[in-house]
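The next block holds one structure in the form of structure tokens; read it before the comments.
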Amino acid sequence: MTERAKTSARTEVGRRPTVVVYDPVPGDWSWAPEIAILATRGVDLNVPADAAASDVAIRTADAVIVTGVGRLDAKRVTSLERCVGILCYSTGTDKVDGPAAATAGIPIGNVPDYCTEEVSDHALALLLAAQRRLLPLANATAAGAWPAGDRSLTGSIRRLRGQTLGVAGAGRIGRLVARKARGFGFRTIAYDPFLSVTDDPGFPLVDRDEMFRTADAIVVCAAYTRGAPALVDREALALVKPGLILVNVARGGHVDERALAEALGDGRVAVAALDVRTLEPPDAAVDPLAGLPNVILTPHVAATSRDAIDDLHRLAAESILALLETGGRIPRAG
């Protein structure tokens, strides 16, 4: 048990532990599954109405759930008086100031396995849509045209089989993207600075420059550390073969969007298909990709499916209970 847990555990008798959702998901998102699961262990879930109310409630929370909406910065982390664990309601942990949490002795958890299939499926969907120019063809047809012979739309379409797909990030999602892509005939290569070898002979590791030099298409699905330099920057985009297809289902910070806009304009990148952006939602007034015809955008929904959401509710509740057990706020199950 941490010193934080030992110190605050002295006041636990007769009080139900409380988990606070920081900056809840807007709209009709239901926390009923978490409420029900936590209640079986005598734990309450507090879902404040807005960010301002969240800032007050988290101060005395036993644990905090951070959604993909707000960010628990250093100031907010240091305001936590009783917290023994922070759970990111996602696969990543970039919504929490990690150094501040480490200094405070507060562990950070995440939910890594709930959407591996969905994110890899979405990556392939974006890749195929970009390769086959589905968006401009569908839009032109919906507008009353019949662009079957329009070479400006169809002339750059290439056969998938035999193309080289570079996958940045050889974790769970990256490995699954590669396996699925090989079903379409892609040759797959991996870039991952944290690995020296992969367990898949059909997915060899290369360095970053080699991936950008040799790939016909690149899918970014690597973990992201806030403040890290962009993976897809001007230097990398200067290496690519003309006509690259770029897909990003990881985090917007991996891509220098101004450099990407330049590459889209001069043909180095044929199509960019992005589920994530540097700023979400983007500000059209300053967005370098706004209005570009060779960009496909989806609103950070790669992880979404009914099945994934069901798993997220269950796994998040189980993870927060584990943090509370480790922190001494509830007895260990069983």
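A single member of Val301, Val271 is assigned to a strand (DSSP E or B), aliphatic (A, V, I, L, M) and in contact (Cβ under 8 Å) with a residue 12 or more places away in the chain, and it is Val271.
Might you let me know whether the stretch 174-187 holds any residue that is surrounded by fewer than 17 Cβ atoms within 10 Å (Cβ to Cβ) and more than 27 Å from Arg132 (Cβ to Cβ)?
No, that holds for no residue.
Here Ser54 passes the criteria (1) of a type outside the set (Asp, Glu); (2) at pLDDT 95 or above; (3) surrounded by 19 or more Cβ atoms within 10 Å (Cβ to Cβ) except the one numbered (2). Screening the stretch 59-81 for residues that are over 16 Å from Val21 (Cβ atoms) and of a type in the set (D, E, K, R) and picking the one that is farthest from the chain's Cα centre (by Cα) gives Glu81. Once the stretch 57-70 is narrowed to residues that are in contact (Cβ under 8 Å) with a residue 60 or more places away in the chain and within 22 Å of Arg226 (Cα to Cα), the residue that is surrounded by the most Cβ atoms within 10 Å (Cβ to Cβ) is Ile65. Residue count for the stretch 116-154 under the criterion of being more than 21 Å from Arg251 (Cβ to Cβ), touching a residue at least 60 places away in the same chain (Cβ under 8 Å) and not in a loop (DSSP other than H, G, I, E, B): the result is 3.
Give the residue, chosen from Leu312, Leu260, Leu264, that is assigned by TED's automatic domain parsing to the domain that holds Val47, buried (at least 17 other Cβ atoms within 10 Å of the Cβ) and either assigned to a helix (DSSP H, G or I) or touching a Lys or Arg at 6+ places or on another chain (Cβ under 8 Å) (or both).
Just a single option satisfies the conditions, and that option is Leu312.
Look at Leu324 and say whether it is in a helix (DSSP H, G or I), out of contact with any Gly (no Cβ under 6 Å at 6 or more places or on another chain), at pLDDT 95 or above and of a type in the set (A, V, I, L, M). Against the criterion (in a helix (DSSP H, G or I), out of contact with any Gly (no Cβ under 6 Å at 6 or more places or on another chain), at pLDDT 95 or above and of a type in the set (A, V, I, L, M)), Leu324 does not qualify.
The set of residues in the stretch 118-154 that are among the charged types (D, E, K, R) and either on the phi < 0 side of the Ramachandran plot or more than 31 Å from the chain's Cα centre (by Cα) (or both) comprises Glu118, Asp121, Arg132, Asp150, Arg151. Give the residue that is nearest to Leu137 (Cα to Cα), with candidates limited to residues of the stretch 279-309 that are surrounded by 15 or more Cβ atoms within 10 Å (Cβ to Cβ) and in contact with a His (Cβ under 9 Å, 6 or more places away or on another chain). Applying the filter and picking the extreme gives Thr298. The residues of the stretch 62-85 that are modelled with pLDDT of 95 or more, among the polar types (S, T, N, Q) and either part of a loop (DSSP other than H, G, I, E, B) or touching a Pro at 6+ places or on another chain (Cβ under 6 Å) (or both) amount to a single one, Ser79.
Return yes when Pro33 is under 13 Å from Ala316 (Cβ atoms) and either in contact (Cβ under 8 Å) with a residue 24 or more places away in the chain or not polar (S, T, N, Q) (or both) and no when it is not. So Pro33 fits the description; yes.
The values are calculated or read from the model by the stated rules, or taken from the named source; none is laboratory data. All values derive from a computational prediction rather than experimental measurement. Methodologically, a virtual Cβ is constructed for each residue, glycine included, from the backbone with ideal geometry; neighbour enumeration extends over all protein chains shown.
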